[in-house]
1. In terms of modelled amide H atoms, which long-range or inter-chain residues lie less than 5 Å from the amide H of residue 97?
2. Zone of residue 90 (label point 7 Å along Cα→Cβ, backbone N under 13 Å): which residues in the stretch 107-135?
3. Skipping prolines and chain starts, which residues have an amide H placed within reach, meaning under 5 Å, of the one on residue 86, given they are 5 or more residues away or on another chain?
4. Give the residue from 118, 67, 17 lying farthest towards the positive end of the charge dipole for the chain; charges sit on Cβ (+1 for Lys and Arg, -1 for Asp and Glu) and the dipole is referred to the Cα centre.
5. Charges only on Cβ, +1 for Lys and Arg, -1 for Asp and Glu: so what's the dipole of the chain about the Cα centre, in debye to the nearest 20?
6. What number, rounded to the nearest 500 deg cm²/dmol, is the helix-based mean residue ellipticity at 222 nm of the chain, given -39500 (n - 2.57) per DSSP H run of at least four residues and division by all its residues?
7. As an exercise, use a Förster radius of 25 Å and the Cβ-Cβ distance of residue 127 and residue 104 to find the FRET efficiency, rounded to the nearest 0.05.
8. Projected onto the charge dipole of the stretch 69-136 (+1 at Lys/Arg Cβ, -1 at Asp/Glu Cβ, origin at the Cα centre), which of 127, 106, 79 gives the Cα projection farthest towards the positive end?
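Throughout, read-outs are computed from the coordinates displayed, never taken from laboratory work. Quick caveat, the model's predicted, so the values are computed rather than measured. All Cβ positions, glycine included, derive from the backbone under ideal geometry; neighbour counts span all protein chains shown.
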Amino acid sequence: MPSALKTRFVPLDDYFALDAEGSGERWEWRNGDVVCMSGAQPEHNTICLNIGAELRAHLRGSGCRTYTSDQRVKVHAGSPYLYPDCSVACDPSFMTINGLRTLLNPVLIVEVLSPSSAQDDKGTKFMQYQTIESLQDYLLIDSTEVAVLHYRKAGDVWTPRLFEQASDEVGLPELGIALPLAEIYLDIGLLPG
């Protein structure tokens, strides 16, 4: 659950120093506000583990790599980088920002929604993620009900599609896989018995 660190503007250099400290906490700089990204609920954590495991299993041997929430991703608006819950890059490319490696070319970004993060994940962060040229798919996974909103890029247009049935599968044709909602929501207590 994000929590505001300061109410005053934090210069980017101060943010870089904080993020480089290696305290084990993840920090995002959002146009002068610094937010600590930690303390998620068990449902959120289980969904992140489920989606990461599904992606890794399906992509093994393909040259595409799955990354967890500790992997910084470079965006080109607002923040210098963000920490999505999960990301995938094929032939991953990195740059070093203030001594820290940052992913440049994700093709998929996943955010697991919680009541405290949903508005930002659906709004500001999605707009920032859209500045990543390589990004093709953006998944918003609700942690309180079975609902996955899949944004797919075609040209310059992002088209949404909502999945709400346990029997649904989210197709990711660029990666050649489909993710069953039954696996995404496994052990959460939201699937019919």
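1. For residue 97, whose amide H was placed from the backbone, the distant partners under 5 Å are 102.
2. Within reach of a label on residue 90: 107-108, 134-135.
3. Close amide H contacts, sequence-distant or interchain: 110.
4. Value: 17.
5. Numbers: 15 positive and 26 negative charges, 87 e Å.
That gives a dipole near 420 debye.
6. On the way: 5 runs with 42 residues, N = 193.
Only helices count here, giving -6000 deg cm²/dmol.
7. Values: r = 18 Å, r/R0 = 0.74.
Efficiency, rounded to the nearest 0.05: 0.85.
8. Selected residue: 79.
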